[in-house]
Amino acid sequence: MAWLAAGEGYEITLVEGRVAARSATGRSAGRQLKTLPKALKDHPEVDRLRRLAEWLDRHAAACVAQADSWMVSSLPVPTELLARVWRDEAWQNALRDLAVVGDDPDEVGFLRDATDAGELKVVNLDGETVRLSPRTVTLPHPVLLPDLDDVRDFAAELGIVQQVEQIHRATWAKPEGLAANATEVRDYAGGVFPTRFSLAARATSLGYRVSGGYATCKVRDGGRSTEAAVWIGEPYYEDETTTGALNWHDEDGRAVRLTEVGPVAWSEGMRMAAALYAGRKIEEGGNA
């Protein structure tokens, strides 16, 4: 950002999300100050910059959340759209180094750049930078990536750091031999919490929705919407509570058999259940 005049003898700007000031006159002109002078703390321009910084933080978080939504649902994203938003630094930070797939589902690459002409520059798994210009691309959920361990190893070699948790996201594969009529999983049931409120607070802090007695997450998997739900106790229940079973429902609220749950919906539901269970009370001492 440019430096803006503020008060007599000072200029201000945003540096790493914080308002910074420098002298505009005298021997120290152009030198950034370690702290904001008292004379500037209530200045209107300083207040405007603070509000801008807060908006930029919200915008950056919204970009990451949107990219995460595209990834979790493996939705096709127009290449032209990625090229247009790439000009925005917040979008670049959210999208850079995400694994993308174009017309060939077996060709995975890490997104490095998007041109105004609508081309994407990606590093493929051979280490080569190639250009892609399909009409749409997907940001695949990691459970859908073939040879995920190899992709992770290659990403480590490149030093890739993703703002959206994608290739290093915890995944669960649906086991074979599930009972034909089974509709719930109890792997993470029985986690004890001091109150229902504390369990609900953990769910919301992890980004999950709390509705009635359930923590839920909705996933679009294989073209249909499925909602995973974990029982967390009746609302307003003040005593000790435990995590319940995990199950899935379709758009009409009907229970989905485990054999019919898609791979992404399964993985994301198990990820939610495991994350809730991880916050349980742990017994200590001889009776643990």
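The values are calculated or read from the model by the stated rules, or taken from the named source; none is laboratory data. The shown structure was predicted, so the numbers you read here are calculated from the model rather than taken from an experiment. Note: ideal-geometry Cβ built from the backbone for every residue, glycine included; neighbour counts use all protein chains shown. Just the protein is used for accessible areas: all its heavy atoms, side chains included, with ligands, DNA and RNA removed. Shrake-Rupley method; radii C 1.70, N 1.55, O 1.52, S 1.80 Å.
Just a few scattered comments:
- Positive-pole candidate from Leu145, Ala6, Gly222, dipole of the chain, charges at beta carbon: Ala6
- Cα centroid separation - the range 69-133 against the range 200-224, whole Å: 28
- Pairwise label distance in nanometres, Lys34 with Asp150, each label 7 Å out on the Cα-Cβ vector: 5.5
- Over the chain, equivalent-ellipsoid semi-axes from the Cα gyration tensor in Å: 42, 30, 17
- At a probe radius of 1.4 angstrom, the accessible area of the chain per residue rounds to 57 square angstrom.
- Our coupling estimate for the range 215-229, obtained by passing each phi through the Karplus curve with A = 6.51, B = -1.76, C = 1.60 and θ = phi - 60°, is 9, 9, 9, 9, 9, 9, 9, x, x, 10, 8, 10, 10, 8, 9 Hz, Gly and Pro reported as x.
- Taking N as its residue count, the alpha carbon Rg of the range 153-202 over 2.2 N^0.38 Å: 1.83
- More than 20 angstrom apart: percent of Cα pairs within the range 151-288: 51
- If you wrap the Cα atoms of the range 197-245 in a convex hull and average its projected area over all directions, you get 3.5 nm².
- With helices as the sole contributors, the chain gives -9000 deg cm²/dmol at 222 nm; each DSSP H run of n ≥ 4 counts as -39500 (n - 2.57), and the sum is divided by every residue.
- Between Ala2 and Asp126, full extension at 0.36 nm per residue minus the direct alpha carbon distance yields a gain of 40.5 nm.
- Whichever lysines have a C-alpha closer than 28 Å to that of Lys281, once near sequence neighbours (fewer than 8 apart) are set aside: Lys174, Lys218
- Its relative contact order, with pairs defined as Cα atoms under 8 Å and 6+ residues apart, puts the chain at 13 percent.
- Share of carbon and sulfur in the accessible heavy-atom surface of the chain [1.4 Å probe, %]: 46
- The smallest convex shape that holds all Cα atoms of the range 14-145, its convex hull, gives 156 Å³ per residue.
- Rg/Rh (Cα only; Kirkwood hydrodynamic radius) as it applies to the range 1-66: 1.06
- In order along the range 12-23, the Karplus-derived 3J(HN,Hα) couplings, from 6.51 cos²θ - 1.76 cosθ + 1.60 at θ = phi - 60°, round to 10, 7, 9, 10, 6, x, 10, 6, 10, 10, 9, 6 Hz, and Gly and Pro are given as x.
- Highest-fluctuation residue, Asp113, Asp147, Asp221 considered, GNM on the chain with Cα pairs under 10 Å: Asp147
- Based on the convex hull around the alpha carbon atoms, the range 211-269 presents an average projected area of 4.1 nm².
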